[in-house]
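> First the structure, which I've put down as structure tokens, then a few questions once you've had a look.
The values are calculated or read from the model by the stated rules, or taken from the named source; none is laboratory data. Owing to the predicted nature of the structure, the values given are computational and were not obtained by experimental measurement. All Cβ positions, glycine included, derive from the backbone under ideal geometry; neighbour counts span all protein chains shown.
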Amino acid sequence: MSVPFYFHPVCLEHRQPEGHPECPERLEEVTRYLAAHAIGAELDRREAPPAERNQLERVHTVAHVDALRRSEEAESTRFDADTAANHATYQAARHAAGAGIAAVDAVRHGAPSAFCAVRPPGHHAESDRPMGFCFFNNAAIAAEHALAVGYTRVLILDWDVHHGNGTMHHFYRRDEVLYVSLHQSPLFPGSGRMGETGAGPGSGTTVNIPLAAGRSDSEYLSLLDDVVGPIVVEWSPDLFLVSAGFDAHWDDPLGGMELSAAGFGAMAAWVHDYAEQVGLAPVVYTLEGGYHPRALAESISAVLEVCAGRRVDWESSLAPPTEYVRNIRSKLSGYLASHYPDLFSHL
Ligand SMILES: [Zn+2]
């Protein structure tokens with residue numbers, strides 16, 4: 001089955017100052033790797049269109065969009081200690097956001113899944129400012145588009161090693177989007193505590209799973225299956241959006257997790273199994289972090305194999321829960337029990 005795969009060459013022109021880990025070489029390696037491996041032939045390569053202003057403004061303030069647009073005229077515009085724009089950043093960020101919008105349209109028209117291989121990433125971008133290598137919040141913009149075209153219950157699963165503060169904040173008080181994040185803690189940006197579970201009509205629609213460094217494939221899968229799975233089934237999303245960062249890979253220079261490329265494939269297989277269980281919900285992946293280019297390419301390929309229909313037996317990667325996982329599960333159930341009273345009595 002051929003997989004819609006979104007990319008735009010301007011994503012390679014956005015460049016941060018020399019030596020920055022979020023560099024064009026990440027996507028260049030992905031392109032090289034896919035060209036040299038069989039999975040590359042199963043992709044339906046599509047050019048990511050630019051997001052329109054009204055689509056960006058569903059998430060970002062006018063002043064934020066204007067500030068980034070003005071950065072086109074300067075050689076370099078610094079927004080925070082590790083987030084700077086060059087002349088191409090505004091266009092790259094528009095196309096990165098537009099990829100997610102086009103991918104939502106692709107699955108709406110029948111594709112079971114789609115992948116956006118774009119940069120800059122998005123999940124740290126707040127409504128009013130760029131942050132942490134991110135300019136426009138690609139996942140939040142895609143989710144808002146999905147809601148605008150008729151989806152009613154969107155799951156954003158964020159498995160980037162960092163917490164997606166921007167995405168969480170945008171939907172914190174909303175009941176149409178369930179935001180679930182597994183992330184390393186302590187680590188940038190410092191948000192994503194278990195006790196942050198949403199507010200107002202969004203009570204219970206934020207699920208943060210902060211984890212100490214060193215977690216393995218089987219620990220991630222075990223938490224997905226024991227904690228996230230029951231919530232997903234009860235919540236029954238009609239669209240799965242994955243904020244797919246690959247910086248929890250054991251080779252990644254920024255993260256301290258121990259996931260393998262095959263582990264990312266297994267997590268994708270878990271996602272697709274649950275998407276099927278809740279009634280064949282489509283799955284859209286949008287790239288976030290991942291700073292070891294080769295590990296990034298191998299991990300993306302493992303996910304794309306699943307999108308292309310390869311069966312991956314994720315259950316065989318499950319081991320009996322470690323003491324660490326049991327401990328996290330019981331702490332989490334304390335925070336989530338009031339929102340999901342029937343689900344966590346067994347933990
Ligand atoms: Zn990250």
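> I'd like to verify a number: residues in segment 178-201 that are in contact with a Leu (Cβ under 9 Å, 6 or more places away or on another chain) and outside any loop (DSSP other than H, G, I, E, B), how many?
7
> Restricting the search to segment 9-64, which residues are assigned to a helix (DSSP H, G or I) and among the charged types (D, E, K, R)?
Here is the first cut: in segment 9-64, the residues assigned to a helix (DSSP H, G or I) are 9-12, 25-36, 38-42, 53-56, 62-64.
The answer is E25, R26, E28, E29, R32, E42, R53.
> Mind counting the residues in segment 277-297 that are part of a strand (DSSP E or B), within 16 Å of the ligand (Cβ to nearest atom) and within 17 Å of G265 (Cβ to Cβ)? Working first, answer last.
Taking segment 277-297 as the starting set, the residues that turn out to be part of a strand (DSSP E or B) are 283-287.
Keeping just the survivors that are within 16 Å of the ligand (Cβ to nearest atom) gives 285-287.
Filter again for within 17 Å of G265 (Cβ to Cβ), leaving 285, 287.
Counting residues in segment 277-297 that are part of a strand (DSSP E or B), within 16 Å of the ligand (Cβ to nearest atom) and within 17 Å of G265 (Cβ to Cβ) gives 2.
> So which of G200, G204, G245 ends up being in contact with a His (Cβ under 9 Å, 6 or more places away or on another chain), surrounded by fewer than 24 Cβ atoms within 10 Å (Cβ to Cβ) and not acidic (D, E)?
Values: G200 fails: in contact with a His (Cβ under 9 Å, 6 or more places away or on another chain); G245 fails: surrounded by fewer than 24 Cβ atoms within 10 Å (Cβ to Cβ).
Checking each option against the conditions leaves just G204.
> Scan segment 107-122 residue by residue and report those that are part of a loop (DSSP other than H, G, I, E, B), more than 30 Å from A85 (Cβ to Cβ) and either of a type in the set (A, V, I, L, M) or within 12 Å of the chain's Cα centre (by Cα) (or both). Walk me through it before giving the result.
Taking segment 107-122 first, the residues part of a loop (DSSP other than H, G, I, E, B) are 109-112, 117-122.
From what is left, the residues that are more than 30 Å from A85 (Cβ to Cβ) are 109-112.
A111, the sole residue that qualifies.
> For M168, only one of the following conditions fails: (1) away from the ligand (no atom under 15 Å from the Cβ); (2) over 17 Å from G263 (Cα atoms); (3) of a type outside the set (D, E). What is its number?
(1)
> Now for a different question. Scan segment 273-293 residue by residue and report those that are in contact with a helix residue (DSSP H, G or I) (Cβ under 6 Å, 6 or more places away or on another chain), touching a residue at least 60 places away in the same chain (Cβ under 8 Å) and not hydrophobic (A, V, I, L, M, F, W, C).
Correct list: P282, T286, G290, P293.
> Related question: Being within 17 Å of the chain's Cα centre (by Cα), assigned to a strand (DSSP E or B) and not aliphatic (A, V, I, L, M) is the requirement here; does F240 meet it?
Spelling it out, F240 is indeed within 17 Å of the chain's Cα centre (by Cα), assigned to a strand (DSSP E or B) and not aliphatic (A, V, I, L, M).
> Same structure, new question: Name the pairs: first residue in segment 322-335 and over 18 Å from A213 (Cα atoms), second residue surrounded by 14 or more Cβ atoms within 10 Å (Cβ to Cβ) and not basic (K, R), Cβ to Cβ under 8 Å, at least 6 apart or on different chains?
Every condition considered, the pairs that remain are S330/L347; S333/V227; S333/F344; S333/L347; Y335/M194; Y335/T197.
> So which residues in segment 121-135 are within 13 Å of A92 (Cα to Cα) and more than 12 Å from the ligand (Cβ to nearest atom), if there are any at all?
Of segment 121-135, the ones within 13 Å of A92 (Cα to Cα) are 121-122, 133-135.
If the condition is that a residue be within 13 Å of A92 (Cα to Cα) and more than 12 Å from the ligand (Cβ to nearest atom), then F135 is the only one that fits.
Here's the yes/no breakdown for (1) small (G, A, S); (2) at pLDDT 95 or above:
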| residue | (1), (2) |
| --- | --- |
| A275 | yes, yes |
| V283 | no, yes |
| T286 | no, yes |
| H292 | no, yes |
| R311 | no, no |
